[in-house]
Amino acid sequence: MKTTEQMSHMGGTIARLDPQNHSLTINSLVINKTFKVADDAEIITPSKKHADLKDLKVGEPVEVTYEQHEPVCLAHRLDEVSAIQHQKAV
């Protein structure tokens, strides 16, 4: 696995969430992208620093840190807190 600095990042809104298949789709201004969520992914919400995929909700902002493994994007970090702070700053 790459270090966080070597990974790609994307922010947007959760459009689709599938906790059973460990996947989610993010809508951003430019692109929609579907991610496979790693089993050991770090998930952060405003109420939990160690959340589960089921704690996320469609329509919420999120920042994703991921690796591109053609044809799959593997998400290692899902962070709602940073996404909310970014929206407030804009």
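Projecting the Cα positions of P71, A51, T13 onto the charge dipole of the chain (unit charges on Cβ atoms of Lys, Arg, Asp and Glu, taken about the Cα centre) puts T13 furthest along the positive direction.
Between H9 and I31, the contour length at 0.36 nm per residue exceeds the alpha carbon distance by 6.6 nm.
Calculated accessible area for the chain comes out at 64 Å² per residue, all protein chains present (probe 1.4 Å; ligands, DNA, RNA ignored). Answer with a single label: of (i) 18, 56, 25, 1; (ii) 14, 36, 30, 15, 5, 1; (iii) 15, 48, 31, 6, which was calculated as P(r) over Cα pairs in 10 Å bins from 0, in percent from the structure in view? Looking at P(r) over Cα pairs in 10 Å bins from 0, in percent for this model, the match is (i).
Pairs of Cα atoms nearer than 8 Å and 6+ residues apart set the relative contact order; for the chain it is 30 percent. In the chain, the calculated helix contribution to ellipticity at 222 nm averages -3500 deg cm²/dmol per residue, counting -39,500 (n - 2.57) for every DSSP H run with n ≥ 4.
The values are calculated or read from the model by the stated rules, or taken from the named source; none is laboratory data. Remember, it's a predicted structure, so these values are computed and weren't measured experimentally. Neighbour counts are summed over all protein chains in view; Cβ atoms, including those assigned to glycine, are modelled from backbone coordinates with ideal geometry. Only protein heavy atoms, including side chains, enter the accessible area calculation; ligands, DNA and RNA are left aside. Shrake-Rupley method; radii C 1.70, N 1.55, O 1.52, S 1.80 Å.
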